[in-house]
1. With respect to Glu60, is the statement that it is among the acidic types (Asp, Glu), at pLDDT below 95 and more than 20 Å from Ala230 (Cα to Cα) true?
2. Give me the residue from segment 107-133 that is part of a loop (DSSP other than H, G, I, E, B) and touching a helix residue (DSSP H, G or I) at 6+ places or on another chain (Cβ under 8 Å) and, out of that set, surrounded by the fewest Cβ atoms within 10 Å (Cβ to Cβ).
3. Going through Asp250, Asp188 one at a time, which residue ends up being surrounded by fewer than 20 Cβ atoms within 10 Å (Cβ to Cβ) and at pLDDT below 95?
4. Which residues, counting only those in segment 256-275, are of a type in the set (Gly, Ala, Ser) and either more than 17 Å from Gly187 (Cβ to Cβ) or in contact (Cβ under 8 Å) with a residue 40 or more places away in the chain (or both)?
5. So Gln152 ticks every box in (1) assigned to a helix (DSSP H, G or I); (2) within 18 Å of the chain's Cα centre (by Cα) but one. Which box is left unticked?
6. Taking Leu215, is it assigned by TED's automatic domain parsing to the domain that holds Ile151, under 24 Å from Val330 (Cα atoms) and not charged (D, E, K, R)?
7. With the requirement that a residue be in a strand (DSSP E or B) and among the hydroxyl-bearing types (Ser, Thr, Tyr), what does segment 209-255 give you?
Amino acid sequence: MERLSAWLRSHLSGFGAVLGVTQFEGGQSNPTYLLDVGNRKLVLRRKPPGNLLPSAHAVEREFRIMRALTATGVPVPECLALCENPEVIGSAFFIMEYVQGRIFWDPTLPSLPKEARAAIYSEMNRVIAELHSLDPMALGVGDYGRAGNYIQRQVQRWTSQYRAAQTENIAAMDRLIEWLPLHIPPGDETRIVHGDFRLDNMIFHPCEPRILAVLDWELSTLGHPLADFAYHCLAWYRHPDTKRGLQGLDLGAIGVSTVEDYLAAYCKRLGREVLAPHHWEYYIVFNMFRSVGILQGIAKRAIQGNASSVEAEQHGRAARPLAEQAWRRVEALGQ
């Protein structure tokens with residue numbers, strides 16, 4: 001910790017020494033730590049050690065986009081310093097302020113009364129709509145990704161990532177890789193997309209249904225907002241046994257809107273028409289495919305021994321059933 005303390009002293013005014021380091025629970029990609037520095041708490045987010053897939057774990061990009069969003073209506077932690085020199089702690093990292101608040105892991109929000117759950121979902125809907133309303137050029141991040149053909153490029157990217165991390169043959173994934181490029185919905189848009197906008201990547205106010213910080217911007221880029229929003233909605237398509245799902249539940253009884261109503265609220269906030277059902281279904285299937293690519297990367301890191309979570313092996317095993325679920329949805333479309 002001496003080397004880290006020395007680096008922080010040279011980059012943060014009034015800094016003394018790191019007195020303690022505790023890794024946060026959750027997160028399968030970039031390890032994140034709480035730093036006890038005496039009079040304040042800081043957060044360190046780093047690339048994992050070892051051999052990494054090309055373009056993965058880009059903490060430098062996370063730092064840049066959160067800095068750009070600081071003055072917008074999208075709440076993010078204050079980012080303080082970036083270190084791209086791996087000699088300090090073994091990999092690149094950045095430092096941000098610690099945000100005190102609530103993190104919810106289960107989308108059924110069992111710790112809240114029924115009447116409070118709708119407000120949490122409405123706030124998530126508001127923030128992602130706010131993100132997708134922003135002009136990347138006006139924020140100085142017009143070069144944060146390529147404009148246009150986002151879905152096509154993402155299919156190519158996650159096919160490549162999946163193949164690079166592949167540990168077994170999954171026939172459903174092979175079919176998805178063939179089907180997805182041929183059925184991209186019409187209409188192309190470019191906005192800042194988070195890439196992993198989900199309930200447990202947000203810190204809520206301790207008492208109010210208000211998001212204080214959106215976390216984990218590793219997969220953010222410029223892309224199609226509807227693809228980003230559909231990823232956010234995958235909880236409605238997951239079984240509750242996964243602790244991350246709403247599928248099959250009596251949503252009215254627990255105070256959570258249907259995915260159709262949630263999509264309609266998002267579209268109303270942005271002044272856009274609600275999608276045709278088969279186009280919405282495409283974005284859901286695409287995001288299941290993309291999630292398989294992510295899960296396969298987790299599985300590969302577990303085998304290599306450089307995964308950032310002890311649950312990595314379990315998460316990696318979810319790749320095959322998710323790919324098969326996605327292909328069943330394609331078959332149901334009859335395309």
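1. Details: among the acidic types (Asp, Glu): yes; at pLDDT below 95: yes; more than 20 Å from Ala230 (Cα to Cα): yes.
Criteria met by Glu60.
2. Per the criteria, the residue is Leu112.
3. Details: Asp250 fails: at pLDDT below 95.
Exactly one of Asp250, Asp188 is surrounded by fewer than 20 Cβ atoms within 10 Å (Cβ to Cβ) and at pLDDT below 95, namely Asp188.
4. To start, the set of residues in segment 256-275 that are of a type in the set (Gly, Ala, Ser) comprises 257, 264-265, 271.
Residues satisfying the conditions are Ser257, Ala264, Ala265.
5. (2)
6. Numbers: assigned by TED's automatic domain parsing to the domain that holds Ile151: yes; under 24 Å from Val330 (Cα atoms): no; not charged (D, E, K, R): yes.
The answer is no for Leu215.
7. Of the residues in segment 209-255, the ones in a strand (DSSP E or B) are 211-214, 221-223.
Listed by number, the list holds a single entry, Thr221.
Per-residue answers, yes or no, for (1) of a type in the set (Asp, Glu); (2) modelled with pLDDT of 95 or more:
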| residue | (1), (2) |
| --- | --- |
| Asp143 | yes, yes |
| Arg157 | no, no |
| Glu168 | yes, no |
| Ile177 | no, yes |
| Met202 | no, yes |
| Ala213 | no, yes |
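The values are calculated or read from the model by the stated rules, or taken from the named source; none is laboratory data. These numbers come from a predicted model, not from an experiment. With ideal geometry, Cβ positions are generated from the backbone for all residues, glycine too; neighbour counts draw on all protein chains shown.
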